[in-house]
1. Regarding region 541-685, what is the average projected area of its C-alpha convex hull, in nm²?
2. If r is the Cβ-Cβ distance from residue 216 to residue 775 and R0 is 56 Å, what FRET efficiency results, to the nearest 0.05?
3. Compute log10 of I(q)/I(0) for region 471-599 with the Debye formula, placing one identical point scatterer on every Cα and leaving out solvent, at q = 0.09, 0.13, 0.15 Å⁻¹, to two decimals.
4. On a 0 to 90° scale, report how tilted helix 266-278 is relative to the longest principal axis of the chain, with both axes built from alpha carbons and the result rounded to the nearest 10.
5. How many nm is it between the label spots at residue 57 and residue 693, if each spot is 7 Å from the Cα in line with the beta carbon?
6. Could you state the number of Å between the C-alpha centres of region 486-517 and region 718-761?
7. Provide the three semi-axes, in whole Å and in decreasing order, of the ellipsoid equivalent to region 95-173 as defined by the square roots of 5 times the Cα gyration tensor eigenvalues.
8. Would you please give the FRET efficiency between residue 826 and residue 701, computed as 1/(1 + (r/R0)^6) with r the Cβ-Cβ distance and R0 = 25 Å, to the nearest 0.05?
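Please treat every number below as a calculation from the coordinates, not as lab data. Nothing here was measured: the structure is a model prediction, and the numbers come from that model. Note that each Cβ is placed from the backbone with ideal geometry, even for glycine, and that neighbours are counted across all protein chains shown.
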């Protein structure tokens with residue numbers, strides 16, 4: 001799907017920057033800063049602690065006297081400086097008064113405040129980076145609120161990144177030659193620059209610093225500035241005596257351009273994300289949005305999650321609640337996305353920023369952000385500027401904790417933020433991200449879950465529930481035992497905050513024992529209590545309802561739950577138009593439901609109705625026991641309505657996939673037909689009885705080209721049906737090709753490959769199970785009777801003509817245009833004359849008369 005994507009910039013979606021050097025007298029312009037060192041920041045100190053150094057002769061009684069004098073307790077002693085103590089004062093003592101009293105004691109060498117220190121840099125524009133350190137400086141005329149920032153300066157005092165983390169900037173490209181970025185640009189070490197060769201065989205030529213998916217080349221140079229601005233906030237170089245510094249200070253920016261002067265397309269964004277994952281970027285910054293819900297983009301982001309990738313997205317600049325007016329991709333409900341709102345230097349939610357307690361996760365600085373531009377430094381505002389603050393923090397955390405999963409990084413960022421009123425009930429957390437808290441907070445193992453309970457639901461299902469006592473778990477693991485706890489095996493791993501799970505597909509009348517524990521990067525919690533439950537005995541008949549669904553093509557109104565009852569609560573499936581050139585587009589639908597089943601004789605039953613198709617489209621239901629190989633079973637034609645059923649051969653499978661697809665995907669056939677499902681279920685007969693007697697004397701009665709006729713002897717009196725299976729000769733890959741009713745004794749297998757050896761076997765079945773197989777027969781098809789059709793379209797005085805010719809076996813053929821017979825002839829050529837005028841598309845097919853032995857479809861477009 002190609003959807004136009006716009007940058008997530010403030011209000012207008014237009015890059016509308018002003019130069020830093022144009023700052024007014026009310027602004028902090030290019031202020032010099034001291035070189036990097038530990039220094040007193042803002043001359044601040046602790047309000048309830050002091051540092052005291054005693055003289056060498058001070059004894060225990062002296063120290064106790066000092067404590068009592070200022071109503072303090074000893075918090076800590078330091079071996080590095082002998083006789084140095086940190087004293088914690090009571091709430092009614094001030095630091096200044098305590099120091100004054102202590103300094104007069106004869107056994108104290110000195111008393112001083114516990115000063116607050118941090119790390120700063122010598123980057124010349126650092127004082128303008130209020131989002132990293134806000135001391136109340138004036139930015140673009142706005143006086144800031146001290147500490148309305150992410151405390152990056154304090155975080156660097158704890159950890160400042162080892163430079164190995166790759167952050168993909170999926171945007172307008174990056175000026176990888178900018179002097180504040182060039183040392184922090186990712187380099188593909190396996191690619192030789194400018195030799196026009198794909199040296200590393202990854203499908204891209206000269207992708208040294210990334211790829212330009214907009215221009216389809218290996219040079220992601222930024223022509224706009226947006227991606228460069230974003231990159232500076234993430235990872236502009238520190239300590240280079242110029243410009244700005246990024247949150248991560250030292251990482252690798254992978255430049256991925258997919259947005260051009262007028263926007264970009266979803267397809268290119270997907271390719272950029274796939275490239276990022278393939279080339280090792282565990283984090284991507286996505287300061288863009290627009291277009292509708294894209295299943296393709298959702299699938300790409302989910303695939304990235306499967307590869308351990310964190311997708312950080314700008315929440316958008318419409319100033320709306322995205323719980324009710326979604327903004328994509330930030331509003332996709334995927335656990336590897338962090339959606340970021342923008343705040344200003346007073347800790348207020350920006351007026352342009354989108355918000356949503358369910359769809360936006362956190363806030364970050366996004367108003368008047370100074371950063372790198374193409375060849376200089378600029379201010380800019382938008383959630384585009386907020387997201388890279390979070391991406392930089394994620395890079396710091398991944399560098400500090402390289403084994404962390406994307407879920408652990410995401411949860412840590414969300415849990416360690418600082419709550420601010422302007423984000424309360426506006427975002428999921430109500431918090432502004434905080435780098436110091438994130439890097440400083442020690443990760444402890446989670447608390448154990450408790451009150452694990454197991455409740456029998458049916459002969460095949462046990463429902464588990466427990467109390468989630470932790471607030472820092474990354475996952476839960478359930479273990480199960482089938483021998484009363486003698487041995488245990490892992491049943492499933494579940495996301496954080498999960499408190500229940502259904503164990504499906506169990507054996508009837510069987511005891512199962514369970515226990516669960518929580519995990520994070522520090523360790524596992526202790527186990528919960530152990531509990532057990534026994535499944536019910538096997539019922540005589542089971543009605544299995546859909547337990548899930550797989551979306552592929554189409555527009556789906558309602559969910560699989562709407563198929564559970566015959567109650568006029570329906571699921572409606574509507575075809576969707578394909579992509580590609582307009583003349584070649586068609587409508588299509590594919591949707592799959594999943595069922596949990598039990599061994600026995602199964603019958604699929606569906607109450608459904610189809611619309612009257614304008615392009616002769618039908619819907620075919622098929623089934624699979626492995627989710628890969630599907631066998632057709634039912635066809636609902638245009639306008640059909642009622643109950644339809646199909647009986648399977650007995651199966652021991654615990655899973656069943658039911659799929660529906662349209663049958664006409666010819667170019668130009670774009671009617672959006674509908675299928676309405678009211679009630680759909682699988683009836684399973686589990687009665688234990690006697691399987692039928694096996695059929696015998698299976699043989700080939702005739703071979704006509706690529707058609708094979710089989711016959712056999714029906715020896716049973718109680719079969720429900722017959723299953724015909726086929727494999728290529730010499731292979732053990734049997735597939736059911738037909739399910740036939742009771743008393744059947746013949747079958748024609750048609751449209752096979754010419755001069756190919758096949759093997760066949762047949763068995764009967766009833767509710768008691770399957771019979772043994774019949775004998776196996778080997779057979780080779782004849783030479784091809786396939787019709788080869790060619791078509792040539794042209795116009796005479798505006799009228800459309802099509803010359804058709806074909807080759808194959810002699811005999812009469814039916815000629816089809818757009819699914820309708822237009823002529824029958826014994827010749828080998830035909831001209832379809834004066835069809836119409838104007839622009840049209842036609843599909844032609846020739847078939848041996850009154851058969852389904854046909855040529856391939858040939859298309860003619862005027």
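1. With every direction weighted equally, the projected area is 8.1 nm².
2. The pair residue 216/residue 775 has a calculated efficiency of 0.40.
3. -0.48, -0.82, -0.93
4. With rounding to tens, the tilt is 70 degrees.
5. 11.8 nm
6. 40 Å
7. Each semi-axis is the square root of five times an eigenvalue, giving 39, 19, 9 Å.
8. 0.35
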